[in-house]
Amino acid sequence: MVLARVVGTVVSTSKVPQLQGIRFLLLERLDAATMKGTGDQVVAMDSVGAGPGEVVFYVSGSSSRLTPATEGRPSDATITAIVDEVELNGKAVYRKDAL
Amino acid sequence: MVLARVVGTVVSTSKVPQLQGIRFLLLERLDAATMKGTGDQVVAMDSVGAGPGEVVFYVSGSSSRLTPATEGRPSDATITAIVDEVELNGKAVYRKDAL
Amino acid sequence: MVLARVVGTVVSTSKVPQLQGIRFLLLERLDAATMKGTGDQVVAMDSVGAGPGEVVFYVSGSSSRLTPATEGRPSDATITAIVDEVELNGKAVYRKDAL
Amino acid sequence: MVLARVVGTVVSTSKVPQLQGIRFLLLERLDAATMKGTGDQVVAMDSVGAGPGEVVFYVSGSSSRLTPATEGRPSDATITAIVDEVELNGKAVYRKDAL
Amino acid sequence: MVLARVVGTVVSTSKVPQLQGIRFLLLERLDAATMKGTGDQVVAMDSVGAGPGEVVFYVSGSSSRLTPATEGRPSDATITAIVDEVELNGKAVYRKDAL
């Protein structure tokens with residue numbers, strides 16, 4: 001899985017039927033050492049109700065279909081968790097409630 | 001999924017039988033911060049009737065076979081949506097009707 | 001799928017049984033803007049009878065097993081089409097018969 | 001599989017149900033020539049009880065669901081081994097008990 | 001598949017049960033133009049009895065489980081062939097018996 005921040009949304013009306021009702025969030029990968037974005041972006045299906053600015057992790061590949069919201073849908077990236085805390089080398093480098 | 005622009009087409013007559021009747025579009029990945037191409041290209045199967053210059057997103061991996069147009073076909077990249085709007089950090093950085 | 005040129009061959013006698021009878025071609029990825037190689041190489045199974053110097057595209061991942069020649073074989077890259085023409089931004093940047 | 005060091009942990013309470021009870025470790029890839037981190041990070045499910053600072057390898061893709069701890073769970077990276085020794089070009093470049 | 005050289009071994013005693021009895025080799029990717037390593041490393045399961053210094057190719061993804069030695073095991077990289085010869089642009093750039 002990969003740490004990322006929700007930086008935006010993507011809206012589409014012309015899409016394959018299996019994408020109906022799905023929220024598409026734009027994510028930017030994070031470097032845990034700085035908790036800053038790396039510039040790498042991905043469009044992910046949301047399965048946890050993540051909101052703008054939140055730190056999440058997403059899963060890639062066939063596992064991105066293994067959530068209640070994405071089963072049977074053509075996803076290659078699904079947010080599976082909103083992150084509460086990241087600890088790096090024994091230090092908390094991110095705490096959600098400290099935002 | 002990955003944001004990309006339709007920049008061209010690829011035509012082939014000598015191909016495996018499962019590719020008959022499929023349109024192959026050449027895509028260039030987009031950086032949402034600028035909505036400009038990154039230079040990275042992929043050949044994708046089209047499942048939504050995307051046209052030249054349109055902003056789309058495509059799905060990779062086994063999910064690229066999970067659309068009505070690509071089921072059972074050897075795809076690793078399928079366009080699943082034509083993008084109407086991209087919002088980044090609270091601002092609309094792309095609107096289809098504004099083109 | 002990815003545009004590439006056939007730049008060589010790879011021969012092996014000590015291999016797993018499922019690779020018997022398969023031709024392995026060495027491919028170099030192409031940048032469609034110049035139709036020159038990017039230096040990135042991959043060894044692909046051939047399912048279309050591609051020859052040296054030809055422009056092809058190959059499929060990666062589990063879809064590389066979805067061709068008559070590669071079904072059930074441990075492939076992660078299979079050539080599925082010999083390319084006749086590539087059009088980029090409205091111009092033909094490659095035509096097979098123009099070689 | 002990829003050599004990596006356990007550099008941290010990731011905690012989440014808002015997550016998809018299949019992630020309940022899983023430990024998420026933050027890994028940094030290692031260059032075996034120096035056994036130093038490359039800066040590339042991944043969040044992995046732990047299936048072997050790895051601890052901070054340990055050298056492990058993890059598996060990606062659908063195989064990351066093929067362990068007793070991760071079966072049926074949406075993982076794309078699972079630690080499957082704690083590494084005892086790495087030999088490179090005939091020399092031991094890492095020994096766990098030598099730490 | 002990817003050309004690589006066997007540059008080392010990885011030993012583990014604490015691992016998931018499906019890894020028992022598997023040899024883990026450290027590979028470095030090769031650039032066929034020079035037959036030198038690129039610095040990119042991967043830990044692969046061996047299914048062909050490859051030895052130190054040998055040139056091989058390995059398969060990634062779900063196909064890495066499609067060999068007699070790796071069936072049902074959590075692999076994402078398996079050596080499936082020891083390479084005898086690599087021809088690039090009409091010239092033999094590597095011959096095993098010429099070593």
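Every read-out reported here was derived from the displayed coordinates using simple, explicitly stated rules and does not represent laboratory data. Model, not experiment: these values are computed from the prediction. Reconstructed Cβ throughout: ideal geometry from the backbone, glycine too, with neighbour counts over all protein chains shown.
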- Task: Pull up all non-local amide H partners of E:Ser12: gap of 5 or more, or a different chain, and H-to-H distance under 5 Å with H placed in the peptide plane.
- Result: D:Asp84
- With springs only between Cα atoms under 10 Å, which of A:Ala44, A:Ala77, A:Ala69 fluctuates most in a Gaussian network model of chain A? A:Ala69
- Query: When chain E is treated as a GNM, springs tying every alpha-carbon pair under 10 Å, which of E:Val42, E:Val55, E:Val86 comes out with the largest mean-square fluctuation?
  - Reply: E:Val86
- Debye-sum result for region D:2-98 in log10 I(q)/I(0), which assumes one identical scatterer on each alpha carbon, at q = 0.13, 0.17, 0.22 Å⁻¹: -0.44, -0.72, -1.10
- Task: Please list the non-local residues whose amide H lies under 5 Å from the amide H of D:Tyr94, H modeled 1.01 Å from N, same-chain partners needing a gap of 5 or more.
- Result: D:Val86
- Query: Stretched out fully, how many nm does the piece from B:Arg23 to B:Lys96 gain, at 0.36 nm a residue minus the Cα gap?
  - Reply: 24.1 nm
- Query: Hey, in the GNM for chain D with a 10 angstrom Cα cutoff, which one of D:Thr13, D:Thr78, D:Thr38 fluctuates hardest?
  - Reply: D:Thr13
- For the protein assembly as shown, max minus min Cα coordinate along each principal axis, in Å, sorted largest first? 63, 62, 32
- Reachable lysines from B:Lys36, criterion Cα separation under 25 angstrom, eight or more residues apart if same chain: A:Lys15, A:Lys36, B:Lys91, B:Lys96, C:Lys36, C:Lys91
- May I ask you to sort A:Ser60, C:Ser14 by Cβ crowding, counting other Cβ atoms within 10 Å and putting the fewest first? C:Ser14, A:Ser60
- Near-label residues of region E:57-99 by backbone N, under 19 Å of a point 7 Å along Cα→Cβ of E:Ala33: E:86-94
